[in-house]
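Each remark here refers to the structure printed beneath this line.
Please treat every number below as a calculation from the coordinates, not as lab data. Keep in mind that this is a model prediction, so the values were computed, not measured. FYI the Cβ positions are ideal-geometry reconstructions off the backbone, even for glycines, and counts take in every protein chain you see.
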Amino acid sequence: MVYLLVYSDSFGDRDGIRSFLSSLDEIDHWRYDMPNSFYISSKKNADVIANILANHYENCRFIISEISKNYQGMLSQTTWEFIRNYQED
């Protein structure tokens with residue numbers, strides 16, 4: 001599954017978040033190309049990922065949502081490929 005994580009500034013800087021996501025066994029791959037957001041690939045459901053984030057980033061606002069087959073936008077070709085490659089059929 002591919003998720004979009006959008007987070008508040010109180011999460012910290014992108015490098016710290018990137019390091020944290022890289023340290024998690026529950027996260028298979030990640031990518032970013034817009035401020036305050038990451039694309040995340042995981043076999044875990046949104047509840048599991050949200051609980052991990054909430055425990056690490058206490059009192060911070062975020063949303064994690066699965067990117068379904070019904071999407072559209074203006075993203076880089078590399079990001080579209082990431083989304084398509086890691087979505088479950």
Scoring the range 2-86 by relative contact order with C-alpha pairs under 8 Å, at least six apart, yields a percentage of 41
For the Cα atoms of the chain, what angle does the longest principal axis make with the long axis of helix 14-23, in degrees from 0 to 90, nearest 10? 80
Out of ILE67, PHE38, PHE20, whose Cα points farthest toward the positive end of the dipole of the chain (charges: +1 Lys, Arg; -1 Asp, Glu; placed on Cβ)? ILE67
So for each of 27-33, 45-51 I average, over its residues, the number of other beta carbons within 10 Å; can you give me the resulting order with the highest mean first? 27-33, 45-51
May I ask you to sort LEU5, LEU53 by Cβ crowding, counting other Cβ atoms within 10 Å and putting the fewest first? LEU53, LEU5
Degrees between helix 77-86 axis and first principal axis of the chain (Cα, 0 to 90, nearest 10): 80
Under the helix-only model (-39500 (n - 2.57) for each DSSP H run of 4 or more, divided by the residues of the chain), the mean residue ellipticity at 222 nm, to 500 deg cm²/dmol, is -10500 deg cm²/dmol
Charge tally for neighbours of TYR3 with beta carbon under 13 Å away, counting Lys, Arg as +1 and Asp, Glu as -1, is -2
Restricting things to alpha carbons, find the Rg to Rh ratio for the range 2-86 using the Kirkwood radius for Rh. 0.93
Anyone know which of GLU66, GLU26, GLU58 comes out most mobile in the 10 Å Cα GNM of the chain? GLU58
Helix 46-56: inclination vs the chain longest Cα principal axis, degrees, rounded to 10, gives 30
